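We did not get these values from a lab; they are worked out from the coordinates using the rules stated. The structure displayed is predicted, hence computed values, not measured ones. We place every Cβ from the backbone using ideal geometry, glycine too, and count neighbours over all the protein chains shown.
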Amino acid sequence: MTQPIIQLKGFDKFFGDFAALSQVDLDIKTGEFFSLLGPSGCGKTTLLRSIAGFETPSAGSLYIDGKTMEGVPANKRPTNMVFQSYAIFPHMSVAENVAYGLKARRLPKAEITTRVAEAIAMVGLEGFGGRASHALSGGQRQRVALARALVLKPRVLLLDEPLSALDKKLREQMQSELRRLQRAVGITFVLVTHDQEEALTMSDRIAVMFDGKIAQVATPQALYGQPCSRRVANFIGMMNFLDAKILSTSGDTVEVDVQSLGKLSLSLSQATGGIEGCNSAGVRPEMLTILTGSQTAEREIEAVVSEVFYYGDMTYYDVRLPFKEEPITITMRNTAGRTVLAVGENARVGWSASSLLLLR
Amino acid sequence: MTWFQKWRRGEGAQGLFLISPTLAFTLLLLAVPLVLVVALSFWTQDYLTLHRTFTMDNYKTAWSEPMYQYLMGRSLKISMMVTAMTVLLAYPVAYFISFYVPPKRKAMWIFLITIPFWTSYLMRIFLWKVILGYNGVVNGSLMGLGLIEEPLSFILYNQNAVVLTLAHAWVPFAILPIFVALERVDRSLIEAAEDLGDSKLRRFFRVTLPLSMPGVIAATIIVFIPTIGDYVTPRLVGGPNGLMIANMIELQFKKANNAPLGAALAISAMAIVTCVALIFIWMNKKYIRGAK
Ligand SMILES: Nc1ncnc2c1ncn2[C@@H]1O[C@H](COP(=O)(O)OP(=O)(O)OP(=O)(O)O)[C@@H](O)[C@H]1O
Ligand SMILES: [Mg+2]
């Protein structure tokens, strides 16, 4: 494997005695679209700012391109940042904003002019060069911030929740535009977001963070399919949890007693975060089906519908299983001929042992 | 409903009510005297009697007499020097408080800066005389150290002393607007400049300074306009070569018994100051952009 472009080893950051980051170990590969995902206050911005050079580590080390960044100020690092607030210079026009970094590098005027024009065109702002920066919409500002960083052709582009201020439509448009840009320029992108959908759709790999620690680093599919803990599983999409008790393990199989479902033997690989300390079984809502008519499934269980949420293309059911207080959620696609059940009706729920995960 | 009742309920009336004490005060103590001075400048005085026939003679004298031209020029020069010195001294202090003092202590620092106002201005001028005088602190120390043989005479009773004393007096007034402007500079903009590759010095000149210009401009105006009319300081520490136009205006009103000429000089000085200030603001208009 080629050398990772960004490497953090045992990285700590304290504000006073509050640990904003603790023992972060992270490798980001060259050219990948990497996302940092986590709830508010978990340290995403702090981690990004540490990479950019705005926070000095309390312990541990950071390497970019194999070189230690100790004592290297932000203006000497091969990274550029798109700030959460965009940080567009209000006293400069769009073109002057984009030219800022090129002027800092004292490039010849002619080169600056052509590169600025290219960058402005790349983010789709042709004709806006002379526009005063306070006369821009949120989406336009974000694109100026992007152009201003991309024009410098950094090795790594750091983006701090660049899309959170935009409305849904524009956000989705910018998401695909960002992805397209990243493929076109081949720069490593590190994106901070607290929107799991955004992380899943855009990234090659995602790091999930809680309380200043990295919980899991994986591809979107692996993260969704094999979360390493209940907390991660709950943060990425929806998951139903049932109490589970490990009875015995032998070789590759695990004997468990799962609430409502009874004794089962599962594969050890279904304990995606390791078998140690597992006390619940998780199953995604779309892995369960409500059987109708003569449909059968590998395994079936009787349940009672307690809530119905109809979304048009989908219906979300809350159903109550025997021996379980809390209802579980099942999502069903409303295909042709399918009737939507009503609250209080009995339902046959189909499930399979292989769709269960053992988590702690 | 009559128009008066309507008007009384409107916002205009409320606003007028709010400012009415200030407005009355201003009209009485500023506008009325100003009108009187303007009127006076077109009259003539013969010992103690005023002749109220319209004449431009006072202005002709004020603008053509070399003595007055010279004094006007000197006054402009001195107050420009004071302004430059004040702003140059105030900026680093304001910068320090805004960028290096922890947020909790900023209020205390600003409070400390106002301490000089606890002593009257006259006292402070006399203190400068003590410091700069022939047998003063500076000369005493330098002679004590054996660095000079005789007391330096160029430090008191001349223009330098006027500039120094005025600058010292006005620095706090300049620090405050600059501090406020610096506080309003979004720190993420400075980080963005660093991120884009600028060194500390360059990002100061490309981001921090331009964005704090409204404060610098305010400070400049606040210092420049009143200093040009100052006559206490030049009188006390200026010596014969440090006198300014306001001293001449005072002279005309009092000893020379020529209030109309004094008035014409005063109005001319006001006009010139206004022009200079407007030109200055116009030159910097790109920095003065209000909230949109
Ligand atoms: N300069 C600072 N001084 C003290 N505490 C700080 C400082 N900066 C951040 N923190 C704390 O560190 C923690 C992590 O902050 P950070 O900004 O990295 O969160 P985040 O994950 O980016 O959150 P959000 O999604 O809300 O932006 C927070 O609890 C925050 O209060
Ligand atoms: Mg953040």
inquiry  = Please arrange A:ARG284, A:ARG360, A:ARG183 by how many other C-beta atoms lie within 10 Å of their C-beta, fewest to most.
reply    = A:ARG183, A:ARG360, A:ARG284
query = Rounded, prolate or oblate: which fits segment B:225-281, taking a ≥ b ≥ c as square roots of the Cα gyration tensor eigenvalues, rounded meaning a/c under 1.5, else prolate when a/b beats b/c?
reply = oblate
inquiry  = With every atom except the alpha carbons ignored, what do you get for Rg and Dmax of the protein assembly as shown, in angstroms?
reply    = 37.7, 124
remark   = Heads up, chain B by the C-alpha gyration tensor (a ≥ b ≥ c square roots of eigenvalues; a/c under 1.5 rounded, else a/b over b/c prolate, else oblate) looks oblate
message = Need one value for A:65-77: mean number of C-beta atoms belonging to other chains within 10 Å of its residues' C-beta atoms.
response = 2
remark   = Low-density loop trypsin sites (Lys or Arg not before Pro), segment A:11-113, at most 16 other Cβ within 10 Å, DSSP non-H/G/I/E/B, are A:LYS29, A:ARG105, A:ARG106
inquiry  = Using DSSP to call loops (not H, G, I, E or B), can you name the GluC sites (Glu not before Pro) in segment A:76-143 whose Cβ has at most 11 other Cβ atoms within 10 angstrom?
reply    = A:GLU126
ask   = Under the definition of Cα pairs under 8 Å and six or more residues apart, what whole-number percent is the relative contact order of segment B:62-291?
value = 27 percent
key: Loop-exposed chymotrypsin sites (Phe, Trp or Tyr not before Pro) per DSSP, neighbour cap 16 Cβ within 10 angstrom, longest uninterrupted part of chain B   = B:155-292
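Do the sum for chain B: with -39,500 (n - 2.57) for every DSSP H run of n ≥ 4, divided by all residues, what is the mean residue ellipticity at 222 nm, to the nearest 500 deg cm²/dmol?
On the way: 15 runs with 204 residues, N = 292.
Using -39500 (n - 2.57) per qualifying helix, the result is -22500 deg cm²/dmol.
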ask   = Per residue of chain A, what 222 nm ellipticity follows from adding -39500 (n - 2.57) for every DSSP H run with n ≥ 4, rounded to the nearest 500?
value = -7000 deg cm²/dmol
task = Give me the net charge of B:VAL232's neighbourhood, meaning all other residues with Cβ under 13 Å from the Cβ of B:VAL232; Lys, Arg count +1, Asp, Glu -1.
result = +1
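Listing A:MET69, A:MET92, A:MET202 from the residue with the fewest other Cβ atoms within 10 Å to the one with the most, what is the order?
Listed from fewest to most nearby Cβ atoms, that is A:MET92, A:MET202, A:MET69.
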note = Here the net charge surrounding A:LEU48, from other residues whose Cβ is less than 14 Å away from its Cβ (Lys, Arg +1; Asp, Glu -1), is -1
query = How large is log10 I(q)/I(0) at q = 0.07, 0.13 Å⁻¹ when the Debye formula is applied to the Cα atoms of chain A, each weighted equally and without solvent?
reply = -0.41, -1.04
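Do any trypsin sites (Lys or Arg not before Pro) in segment B:123-195 lie in a DSSP loop with no more than 16 other beta carbon atoms within 10 Å, and if so, which?
B:ARG184
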message = Once you keep just the Cα pairs under 8 angstrom separated by 6 or more residues, what percentage relative contact order results for chain A?
response = 15 percent
ask   = Quick one: A:THR272, A:THR219, fewest Cβ neighbours within 10 Å first, how do they rank?
value = A:THR219, A:THR272
